[in-house]
Every structure is written in C-alpha cells, then in structure tokens.
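Please treat every number below as a calculation from the coordinates, not as lab data. Just so we're clear, the structure is a prediction, and the values are computed from it rather than from any experiment. So basically every Cβ, Gly included, is an ideal-geometry build from the backbone, and we count neighbours across all protein chains shown.
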Amino acid sequence: MSAILTFWHKEWLAAWRNYHILILAVIFVIFGIEAPLMAKLMPDLMKLALGDQFSIKLPQSTSSDSWQQFYKNTSQIGIFLLALVFSGTVSQEVSSGTLVNLITKGLPRYAVIIAKYLAAVVQWVVAIGVSFIITWGYTAYYFPDDKSPHVWLAIWPVLLFGLFFVAVVLLGSTVVNSNYAGFLVAALVFASLALLNYVKAVKRWNPIALVTDNLDLVRGTEKITHILPACGVTVAAALVILGVTIWTFNQKRL
Amino acid sequence: MHNSELFFNNLPLFVPLMFLELGLLIAALISLYRRQTVRHGNRLIWTLAIVFIQPFGAIAYFIFGREVD
C-alpha cells in the first residue's frame, strides 16, 4: 500500500511537470463554457448566416441544446484528449529507463500500474466533473427551463466509462513500446465498440452506451436502468483489463 | 444584429474563454522559448501554431512538440 502511495505522489508530480494538469484544466473549463455558449449563440448565428430575407421563426435554444453540445464535446473530443494525455504513461518510462532504479530497489511492479491507473482515473473524474459543473451553472442561469430534468444522473455513466477507458489506454501503453500506442489502442477499441453497436442484441451490454446515451438520460427519454447491464460490463471489463495489464507488465523487460 | 452585439450580449461567457486561451498561449510560448529544441518541426512552426490555432496549437505543442527534460 505504501509503495502505491509513493508512486502515486510521483505520478502527480510528473503530471504537473509535464503540463498535463494545465492542459486538462484549460481544455475542460473551455468545454464547460463552450456548451452553453454555443447553445446561446446558435439562433443568432443562424440569423446571421441566413440574412434578413428569411423571416422564418427560429426556435429558441433550450437547456437540452446546451447539454447536447456538452456531451458531444465530451464524448467526441474530451475522452480522446484524456487518452492522448495518458498515452505514453508506461511506454515513456520504459523507454527512458526511469523505472529500473525504483524496481530494483524493491518497488513492486503492480504498484506502478495501480498508482498510474488511480492517478489517471482521478484526473478523468476531476476534468469531466469540472467541465460538467461549469456547464451546469451557466445552463441553469441562461436556460431555466424543464427540458432537462435528469442532469445530475446523466454524468455518472461518463465518469464510470473512465474506469474502462483508462485501463485500455494503460494496457496499450504497456504492451506496445510507443508513446502513442495507448491512445491508438484506445481509439481502436472505441471504434470497435461503436461498430458493435450496430448489432441490436448487444446494445444494452455495450460499454459505449455510457457515453452515447447521456442526452436521452438528461431529457428523461431513457431510464438509467436501461444501461445498467452496460455499466456492469464496463466495470467487469475494466477489472479484467487492469489485471491483464499488471500481468503483462510483470513479464516485461525494463 | 452585428458581431459586436453578439459579443457584448454574452460577455460572461466570452471573457473567461479569452482569459483561458490567453493564459494557455503565454504558458506555451514561455515553455517553447525556454528550451533550445523541440521534438517535431522547429520553433517557428510551433510559434505560429500556438498563436494562430487556438487553443489546439498550444495543446498540440505540450503533447507532441515539447522536449521532455
């Protein structure tokens, strides 16, 4: 336990020095502001684009538009940016040899993986949590309507998805000795899950539901119980992948 | 409806965005000019990317361009 804690401290120091914390903070705060901003500007932008000759009445934006933008940003750019930031986490240390000293001095190998995993999951939760709270604040202020009744429910699946996605990035970074392997493997897994979604029978069990069904959850057109099987698969898959990562790292020559 | 009107009607949203992007731009430029080398390309290319492609130029610099010490 103390070994994990030691390495955990080192991980945070590295995240700070590599500007990872700065990048995540700035980007996710920007995402948090951008969602309500886009929702608010959309009718005006349409008016500017169409000009005055069209006198059609454009519908006013609602809180649901703001959340649509938020989940689009998060699931299409946000989670991949997180994957990119975590991408070299193991491979970089293996290629630069910084782990050799620590491990020969008795740091257990599993502690490296578990500390890296936990630090990355916490960064995931905080990054997405911060941008969520900012969007929530602006949306409640600018769009005080009843179009999105389950705002606080819909964010949990995204946070849970992090358990799985971070494990995949870590596995990629452990198996392949390239700085971008973690990201590429994660993107490949994400694309495969998206393809798998065309098979109707597995839809409810597919982890990708956790980042694609959020808007329906916000609007209340889908109940959270609908994606509970997918939540179960996500957590189970995360544990298995983490186990495989530790096993792979144990076999690896440093 | 003019562009400036759009801007001034939404100040509480635009002002924090501008500060964030400016902060990121300054941090990236300081980091870039403190080091002698970059990983891909050269300093001029990264300077242009950081200044003109906001905010992704700065993010790309920190992830791909910054020489790890």
Criterion (in contact (Cβ under 8 Å) with a residue 12 or more places away in the chain, buried (at least 16 other Cβ atoms within 10 Å of the Cβ) and over 15 Å from the mean Cα position of the chain (by Cα)) met by exactly one of A:Gly172, A:Gly182, A:Gly162: A:Gly172
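Residues to consider are A:Lys116, A:Lys47; find the one that is out of contact with any helix residue (DSSP H, G or I) (no Cβ under 7 Å at 6 or more places or on another chain), of a type in the set (Lys, Arg) and either closer than 28 Å to A:Ala186 by Cα or without any contact (Cβ under 8 Å) to a residue 12 or more places away in the chain (or both).
A:Lys47
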Any idea how many residues of the stretch B:2-38 are outside any helix (DSSP H, G or I) and more than 10 Å from chain A (Cβ to nearest Cβ)? 4
Of the residues in the stretch B:48-69, those that are farther than 18 Å from B:Thr37 by Cβ, more than 10 Å from every other protein chain (Cβ to nearest Cβ) and part of a helix (DSSP H, G or I) come to B:Val51, B:Phe52, B:Gly57
Please determine whether any residue of the stretch A:27-35 is over 22 Å from the mean Cα position of the chain (by Cα) and either of a type in the set (Gly, Ala, Ser) or assigned to a helix (DSSP H, G or I) (or both). no
Selection within the stretch A:81-105 - more than 12 Å from chain B (Cβ to nearest Cβ), surrounded by fewer than 23 Cβ atoms within 10 Å (Cβ to Cβ) and either part of a helix (DSSP H, G or I) or in contact (Cβ under 8 Å) with a residue 60 or more places away in the chain (or both): A:Ser91, A:Val94, A:Gly97, A:Leu99, A:Val100, A:Asn101, A:Leu102, A:Ile103, A:Thr104
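How many residues are free of Cβ contacts under 8 Å to residues at least 12 places away in the same chain and surrounded by fewer than 20 Cβ atoms within 10 Å (Cβ to Cβ) when one looks only at the stretch A:11-25?
6
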Counting only helices (runs of 4 or more DSSP H) wholly inside the stretch A:172-241, the ones holding at least 1 residues that are in contact with a Gly (Cβ under 6 Å, 6 or more places away or on another chain) and within 26 Å of A:Leu81 (Cβ to Cβ) are A:181-196
